[in-house]
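Accompanying notes for the structure given below.
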Amino acid sequence: MPVRAEHDRAVLAELLGRDPVLHAYQLGDLDDFFWPYTSWFRRDDQVALLYHGVELPTLLAFAPPERTAQLAALLTELAPMLPARLYAHLSPGLDPVLTPWFRVDAATAHLKMVLTDPARLAAVQPAGEPLSATDLPQLHELYAAGYPGNWFDPRMLDTGQYLGIRQGGDLVAVAGVHVWSPTWRVAALGNVTTHPRARGRGLAAAAVAALCGRLRASVDHVTLNVKADNAAAVRLYERLGFTRVADYGEYALTALGRV
């Protein structure tokens with residue numbers, strides 16, 4: 001079966017749902033919230049997503065080690081049809097497939113983690129109140145100070161899954177989501193940060209604990225992505241009951257001879 005565009009959400013949900021932790025972001029992108037910004041490609045039972053809702057499109061292609069060769073075959077056929085500039089999030093071993101068509105910048109190594117021991121959340125006093133669009137100015141200020149360059153879509157506040165902690169009237173910590181899909185029963189934490197002046201007090205842990213408790217009422221899998229070299233964040237998530245389940249790399253791609 002050659003690679004082809006796939007427009008049937010039910011088909012995509014069945015294929016991606018075979019490994020909902022690995023594919024949590026892609027499952028979330030099946031929701032109406034993200035669906036208009038997506039292009040899907042399928043070859044046999046392998047799926048790749050090109051997400052257009054950011055300044056540069058982002059290619060998501062993940063497979064367990066035993067299925068990497070099959071996904072590589074999809075990417076080999078898809079590569080000539082991709083935009084001239086894009087980002088790519090790829091399972092290990094897939095980036096060489098793209099080098100005949102793209103300059104592939106060195107990877108930023110990331111981990112995928114999933115909440116496997118929610119009992120550990122009880123060791124942390126949860127804290128945080130739901131944020132709304134009225135909190136956007138303070139939220140932007142917090143991200144500018146504590147998490148510059150993060151990917152945050154203000155529409156995400158509409159999920160109701162952003163919790164903030166205030167001190168003296170100022171927003172000093174936040175935990176939110178990149179994905180929240182009760183339909184596909186997955187969530188992915190994102191945009192978690194603490195203001196530099198308030199770090200070291202356990203505020204991020206408190207906000208994440210509160211958010212995980214909230215999310216578990218509507219989803220079966222609470223996941224996250226984190227930079228592999230962010231040792232403090234990895235330790236925090238492990239302390240809260242998260243387990244590493246997969247590695248992947250984030251790349252910048254520039255087409256050879258067609259910028």
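The values are calculated or read from the model by the stated rules, or taken from the named source; none is laboratory data. What you see is a predicted model; the values in this text were computed from it and never measured. Cβ coordinates were reconstructed from backbone atoms using ideal geometry, including for glycine residues, and neighbour counts include every protein chain displayed.
General observations
- Condition check for Thr76: surrounded by 14 or more Cβ atoms within 10 Å (Cβ to Cβ), at pLDDT below 95 and either among the β-branched types (Val, Ile, Thr) or not assigned by TED's automatic domain parsing to the domain that holds Gln26 (or both): no
For (1) over 18 Å from the mean Cα position of the chain (by Cα); (2) within 27 Å of Ser132 (Cα to Cα); (3) touching a residue at least 12 places away in the same chain (Cβ under 8 Å), each residue gets a yes or a no:
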residue: Trp184; (1), (2), (3): no, yes, yes
residue: Ala187; (1), (2), (3): no, yes, yes
residue: Gly213; (1), (2), (3): yes, yes, yes
residue: Arg216; (1), (2), (3): no, yes, yes
residue: Thr223; (1), (2), (3): no, yes, yes
residue: Asp229; (1), (2), (3): no, no, yes
residue: Tyr237; (1), (2), (3): no, yes, yes
residue: Tyr251; (1), (2), (3): no, no, yes
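- The combined condition, being assigned to a helix (DSSP H, G or I) and either hydrophobic (A, V, I, L, M, F, W, C) or over 21 Å from Ala188 (Cβ atoms) (or both), is fulfilled by Pro96.
- Matching option when the condition is modelled with pLDDT of 95 or more, over 11 Å from Tyr162 (Cβ atoms) and in a strand (DSSP E or B), among Ala206, Ala173: Ala173
- Filter result for Leu15 (surrounded by 14 or more Cβ atoms within 10 Å (Cβ to Cβ) and not in a loop (DSSP other than H, G, I, E, B)): yes
- Filter result (farther than 15 Å from Ala209 by Cβ and exposed (fewer than 12 other Cβ atoms within 10 Å of the Cβ)) within the range 95-131: Pro96, Pro100, Ala106
- With respect to (1) outside the structural domain of Cys212 (by TED's automatic domain parsing); (2) in a helix (DSSP H, G or I); (3) out of contact with any Ser or Thr (no Cβ under 7 Å at 6 or more places or on another chain); (4) not small (Gly, Ala, Ser), the lone exception for His140 is condition (1).
- Verdict on Leu224 being buried (at least 21 other Cβ atoms within 10 Å of the Cβ), assigned to a strand (DSSP E or B) and out of contact with any helix residue (DSSP H, G or I) (no Cβ under 6 Å at 6 or more places or on another chain): yes
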